[in-house]
Amino acid sequence: MTSGPHGGGDALGGRRAVVVGGGISGLCAALELRRAGLAVTVLESSERWGGCLGVHEVAGLALDSGAESFATRTDGVRDLLEELGLGDDIVAPDPSGAWVQLPAGAEELPKAGVLGIPSNPWDPEVRSVLGLWGSLRASLDRLLPVPVQRAEASVADVVRARMGRRVLGRLVTPVVGGVHSADPALLDIDMVAPGLRALMAERGSLAAAVAAQRARSTGGAKAGSAVAGLRGGMHRLVTALVERLAYDGVELVNGERAERLDRVGGGWRVGTVQAALPGSEGAPERTSHDADLVVVALGGPAAVELLSDAVPELGGHEPVPGPEVKLVTLVLDKPELDARPRGTGVLVAPQVAGVEAKALTHATSKWAWLADEAGRGTHVLRLSYGRAADVHSTAPETGPETDDELFRAALADASALLTVEITFEDVLGWDVVRWEGSLPFAAVGHRERVAEIRRRVAEQPGLAVVGGWAAGNGLASVVPDARGQASRLVAGPA
């Protein structure tokens, strides 16, 4: 069976586009393609739209099951929310800020940091974490010459060279672990902190670069305030985006998994198979969709696999999949937490004994709208588990795996991190959500691998690839990249 997209409205010169993948990057690409006048079909193998943005109900509360905020370093997400009529619902987190759990105890996460890198080593909060000698070593950054940048460098390489091991171990490692689920020694600094090295060369030091980058997005507010959220939850973005696409005549197809991409004449044919959705019976139906333009919006390994027939040169360029991240949500009847003992949450250094979680978000402390919705004395905690293993290590990752193990670990970890005993009797509801490869693993060398993949894909007329693995982690990277790639695809080769 062969079919084409049936998007409503007049297509630009009869041109048709297919977007493979209904995550946030695919939906944003579809929005841009439809705006350009093409008939657009979006194919999603699952029943759910939005990828890393999801919703689940716990104890009667509709909560984000994935991303619950976006970085404010770019205007891409804000612009999209305003375009969808949600601009008035953008909210800032509580200014109390986050904490960091170190082996010696908990400390407030210093102001004006990027990935935990301080802009002023002598700030009292920084000195409290680093000690006299740590702040003294970090301050040498302003005296050291800025070397000619290498093509690639890890976060750990840059921080250790500029500010020393204490900044790396006590500030950067917990923050990077909590945000990116990986050791900073494995991550490309240009992927996880875009523009920071360029600012360092311009301003003469890493501290000055951090100050400049923070000033552009936060005005120097406390840690955690370089982000914003959406009243009611970030999952509302997906709902509004899907509604807009449907209203604009985009064909949204669930339950079809793309398994082949072929060049047909001057266009493309996407071969699909009916995915095994709940309630489906009989042999899976195979079909195809013909299009002038195709945007592949899948995870990195799946995208390269789909593209390999059409672009065989991609063999050997598969990106490393991200780690599985497990989020445990607890809804508690615990009035003792009204005091917000650890601000908006805690990031955990990997050296801390007896704590399995890498981060805890006190969601009802972080977001006023959620505290109002939950009611006084009711609290929502989100604890995350799972880190990328060292690529050179053969040891398996240890830690809680089953839902029951994760629930018990979350109770113990929350008690330790918040210094308030939390028991089973305090729990009104809980849930575990697993995100396989949801955080793109931006290892050193990944940026060059992505550039090579995109260069080879761009050599094929009418073909583009988008997604967090290509754009960088977080909505602030994914949204403008997907829209930009779609616009360039419509415009054709320069």
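At Y247 and S46, where each label point lies 7 Å from the Cα along Cα→Cβ, what is the point-to-point distance in nanometres?
Computed distance between label sites Y247 and S46 equals 2.6 nm.
What accessible area per residue comes out for the range 157-206, rounded to a whole number of Å², with a 1.4 Å probe? Write down the numbers at each step before the final one.
Working: 1540 Å² over 50 residues.
Accessible area per residue: 31 Å².
For K358, give me every one of the aspartates and glutamates with a C-alpha distance below 15 angstrom, ignoring sequence neighbours fewer than eight places off in its own chain.
D183, E324, E397, E401, D413
Once the dipole of the chain is set up with Lys and Arg at +1 and Asp and Glu at -1 on Cβ about the Cα centre, which of L136, S288, C28 lies farthest towards its positive end?
Selected residue: L136.
For R216 and D89, FRET efficiency with R0 = 22 Å and r from the beta-carbon atoms, rounded to 0.05? Don't skip to the answer; put the middle values down first.
Values: r = 23 Å, r/R0 = 1.07.
So the FRET efficiency works out to roughly 0.40.
So what's the back-of-envelope 222 nm ellipticity for the chain, counting only DSSP H runs of four-plus at -39500 (n - 2.57) apiece and dividing by all residues, rounded to 500?
Values: 16 runs with 159 residues, N = 494.
Rounded to the nearest 500, the figure is -9500 deg cm²/dmol.
With every protein chain left in place, what is the accessible area of K366 in Å² (1.4 Å probe, nearest 10)?
30
What does DSSP give for the chain in terms of the percent of beta bridges that are antiparallel, rounded to the nearest 5?
Numbers: 54 of 76 bridges.
Taking every DSSP beta bridge within the chain, about 70 percent pair in antiparallel fashion.
Using a cut-off of 15 Å between beta-carbons, work out the net charge of the residues near V420 (Lys and Arg +1, Asp and Glu -1, V420 not included).
Values: positive: K334, R340, R342; negative: D333, E336, D338, D413, E421, E425, D426.
Local charge sum for V420: -4.
List the aspartates and glutamates whose Cα sits under 12 Å from the Cα of K334, skipping any in the same chain fewer than 8 residues away.
Partners within reach: E421, E425, D426.
Using modelled backbone amide H atoms (1.01 Å from N, in-plane), which distant-in-sequence or interchain residues come within less than 5 Å of A185's amide H?
A156
With Cβ to Cβ distances under 12 Å as the rule, what net charge do the other residues near V238 carry (K, R +1; D, E -1)?
Working: positive: R48, R236, R244; negative: E44, D64, E243.
Every neighbour counted, the sum reads 0.
For the range 13-146, give the share of DSSP beta bridges that are antiparallel, in percent and rounded to the nearest 5; count only bridges with both residues there.
Numbers: 10 of 16 bridges.
Rounded to the nearest five, the antiparallel share is 60 percent.
Give the Rg (one decimal place) followed by the Dmax (whole number) of the chain, computed from C-alpha coordinates and expressed in Å.
According to the Cα coordinates of the chain, Rg and Dmax are 23.0, 71 Å.
Quick one: if you stick a label point 7 Å off each Cα along the C-beta vector at R263 and E401, how many nm between them?
4.5
Which length gain, in nm to one decimal place, applies between W369 and V146 when the Cα-Cα distance is subtracted from 0.36 nm times their residue separation? Show your work: numbers first, answer last.
Numbers: separation 223, 0.36 × 223 = 80.28 nm, distance 4.45 nm.
Gain in length upon complete extension: 75.8 nm.
Want the number for E448 to A353: 0.36 nm per residue separation, take away the alpha-carbon distance, what's left?
Numbers: separation 95, 0.36 × 95 = 34.20 nm, distance 3.66 nm.
Once the chain is fully extended between E448 and A353, it gains 30.5 nm.
What are the aspartates and glutamates whose alpha-carbon lies under 18 Å from the alpha-carbon of K366, with same-chain residues fewer than 8 places away excluded?
By straight Cα distance, K366 reaches D64, E68, D89, D94, E107, E108, D333, E336, D338.
For the range 303-332 and the range 28-49, what is the centre-to-centre distance using only Cα atoms, to the nearest Å?
20
Within 14 Å, Cβ to Cβ, of I90, how many net charges do the neighbouring residues add up to if Lys/Arg are +1 and Asp/Glu are -1?
Numbers: positive: R78, R231, R236; negative: E68, D75, D79, E82, E83, D88, D89.
Cβ neighbours under 14 Å give a net charge of -4.
The values are calculated or read from the model by the stated rules, or taken from the named source; none is laboratory data. This one's a predicted model, so the numbers in the text were calculated from it and none came from an experiment. Quick reminder, even Gly has a Cβ in these numbers, built from the backbone with ideal geometry, and neighbours come from all protein chains shown. Calculation scope for accessible area: heavy atoms of the full protein, side chains included, ligands and nucleic acids excluded. Shrake-Rupley method; radii C 1.70, N 1.55, O 1.52, S 1.80 Å.
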